[in-house]
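Worksheet: one structure, shown below.
The values are calculated or read from the model by the stated rules, or taken from the named source; none is laboratory data. A quick note: this is a predicted structure, and the numbers were derived from the prediction, not measured. All Cβ positions, glycine included, derive from the backbone under ideal geometry; neighbour counts span all protein chains shown. Side chains included, ligands, DNA and RNA excluded: accessible areas come from the protein's heavy atoms. Shrake-Rupley method; radii C 1.70, N 1.55, O 1.52, S 1.80 Å.
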Amino acid sequence: MSETTTAMEDYVQMDAVDWVPFPEALCNGAIRWKLLHVSPESGAWTAIFDCPAGSSFAKHIHMGPGEYFLTKGRMHVRGGSVEGGATAVAPGYGYEACNAQHDHTEFDEDSEFYMTFLGPLNFIDDDGNTIALVGCEQVAQAWGAS
Ligand code: ZN
């Protein structure tokens with residue numbers, strides 16, 4: 001009766017979903033997340049992240065744009081404002097362009113942000129080699145495995 005290509009409505013009671021550890025290979029520190037939605041028809045996915053003081057995400061490139069809402073704490077993107085990037089302070093909204101490269105996304109205090117990604121994240125090593133391409137399918141698998 002339903003077509004797999006048809007977008008479906010969705011609702012998540014966020015406080016009824018438990019936090020789970022974000023894959024260790026993709027971050028430093030005990031970052032936790034909740035995957036809220038994936039839209040395979042558009043390549044979009046939405047999650048909320050809990051980032052304790054001292055945590056950071058591994059180096060990555062946004063293959064598509066993304067929008068975030070920092071609900072708590074402080075996030076240094078692209079080195080933070082002292083290095084020409086942005087330092088988001090809650091409550092803060094940010095837009096990251098397609099192909100934005102984030103060498104350091106750091107949290108120096110307990111923080112939380114909600115983000116919708118249009119397309120995968122390409123996690124890379126210091127030589128620019130792909131470690132993991134993380135899109136709809138991969139996040140759904142990682143979430144399902146947790
Ligand atoms: Zn990023």
Residues in the stretch 63-83 that are within 12 Å of the chain's Cα centre (by Cα), more than 11 Å from the ligand (Cβ to nearest atom) and open to solvent by 20 Å² or more (accessible area, probe 1.4 Å): how many?
-> 2
Taking the stretch 50-62 as the region of interest, how many residues are more than 11 Å from the ligand (Cβ to nearest atom) and assigned to a loop (DSSP other than H, G, I, E, B)?
-> 4
Any chance Thr116 is open to solvent by 20 Å² or more (accessible area, probe 1.4 Å), in contact (Cβ under 8 Å) with a residue 24 or more places away in the chain and β-branched (Val, Ile, Thr) | yes
Has the stretch 127-135 got at least one residue that is in contact (Cβ under 8 Å) with a residue 60 or more places away in the chain, in contact with a Lys or Arg (Cβ under 9 Å, 6 or more places away or on another chain) and of a type in the set (Val, Ile, Thr)?
-> yes
Whichever residue in the stretch 84-107 is outside any strand (DSSP E or B), on the phi < 0 side of the Ramachandran plot and within 13 Å of the ligand (Cβ to nearest atom) and, among such residues, is farthest from the chain's Cα centre (by Cα) | Gly85
